[in-house]
């Protein structure tokens, strides 16, 4: 496994070796000093066309609605097709990721629809993100195939969701797109410890690093306000899910091998991605 790209100037070591403790703390604020344009991204500069330099207030999620959905939740659903030709740059970001290790104490085959890892209370307390100093604790990690999000109309092979929840019932989700390439030993252990039958739970009680699930390069992240995507699993599901939810989708992708992908599909035989939802004039940001 390669080390993650060291993109923070004030860290002298790769992300996996940031501290002597088991917690990985990633501060993105040092990145957002200037705005540049990649050949595949059209950025609205922070000093032009009304671009933003501070983390947008509309991305700070509030307590989630799970019934009696107001119109703004209905109009802001997930997943979306992320349009890299029309992104708003955020040059300063208050997102911090504090992920370390987790004990695999609850690995669930969720109705033959998805692999889901529920964190125990201790690991939930110790693994969290902060957005503008608001804390969201990691509660579960689950898998979708194909991906739920598209990038410029193109699906990825899989998508991993790391679901974080705050004390006031707000949600923020990190999305990791997955493509075929090199094998990932940590994801392999998750697949191997999945129950083979629906609605079963395994308790292997082995410890894994959450950092190994994230992409190597975390320097660019798409962000927008959306909703949950489950429990509406089917590709034909248009039902409204709870919201608002703050979404962060890493631009760079994680890799698994074709053998690993086929092994996953031997257990979870049917795709479980929700169909693309209308953007409805929502802004999609890129934090970099």
For the stretch 189-209, state whether one or more residues are part of a strand (DSSP E or B) and within 30 Å of residue 132 (Cβ to Cβ). yes
Evaluation of residue 137 against (1) in a strand (DSSP E or B); (2) more than 11 Å from the chain's Cα centre (by Cα); (3) within 19 Å of residue 222 (Cα to Cα) (one fails), failing number: (3)
Any idea which of 231, 215 is under 22 Å from residue 138 (Cβ atoms) and either outside any loop (DSSP other than H, G, I, E, B) or at pLDDT 95 or above (or both)? 215
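Check 127, 110, 106 and return the single one that is modelled with pLDDT of 95 or more, within 28 Å of residue 62 (Cβ to Cβ) and in contact with a strand residue (DSSP E or B) (Cβ under 7 Å, 6 or more places away or on another chain).
127
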Only one of (1) over 16 Å from the mean Cα position of the chain (by Cα); (2) at pLDDT 90 or above; (3) surrounded by 19 or more Cβ atoms within 10 Å (Cβ to Cβ); (4) in a loop (DSSP other than H, G, I, E, B) fails for residue 84. Which number is that? (3)
Yes/no for residue 139 being surrounded by fewer than 22 Cβ atoms within 10 Å (Cβ to Cβ), free of Cβ contacts under 8 Å to residues at least 12 places away in the same chain and closer than 22 Å to residue 274 by Cα: no
Under 8 Å by Cβ, and 6 or more places apart or on different chains, what pairs join a residue from the stretch 221-238 that is over 14 Å from residue 81 (Cα atoms) with one that is at pLDDT below 70 and in a loop (DSSP other than H, G, I, E, B)? 221/28
From (1) within 22 Å of residue 255 (Cα to Cα); (2) in contact with a helix residue (DSSP H, G or I) (Cβ under 8 Å, 6 or more places away or on another chain); (3) surrounded by 13 or more Cβ atoms within 10 Å (Cβ to Cβ), pick out the condition that doesn't hold for residue 185. (3)
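Just checking, which of 112, 121, 106 is over 18 Å from the mean Cα position of the chain (by Cα) and farther than 24 Å from residue 188 by Cβ?
Residue meeting the stated conditions: 121.
When you scan the stretch 94-102, do you find a residue that is surrounded by fewer than 20 Cβ atoms within 10 Å (Cβ to Cβ), assigned to a loop (DSSP other than H, G, I, E, B) and modelled with pLDDT of 95 or more, even just one?
yes
The values are calculated or read from the model by the stated rules, or taken from the named source; none is laboratory data. The structure displayed is predicted, hence computed values, not measured ones. All Cβ positions, even for glycine, are placed from backbone atoms using ideal geometry, and neighbour counts span all protein chains on display.
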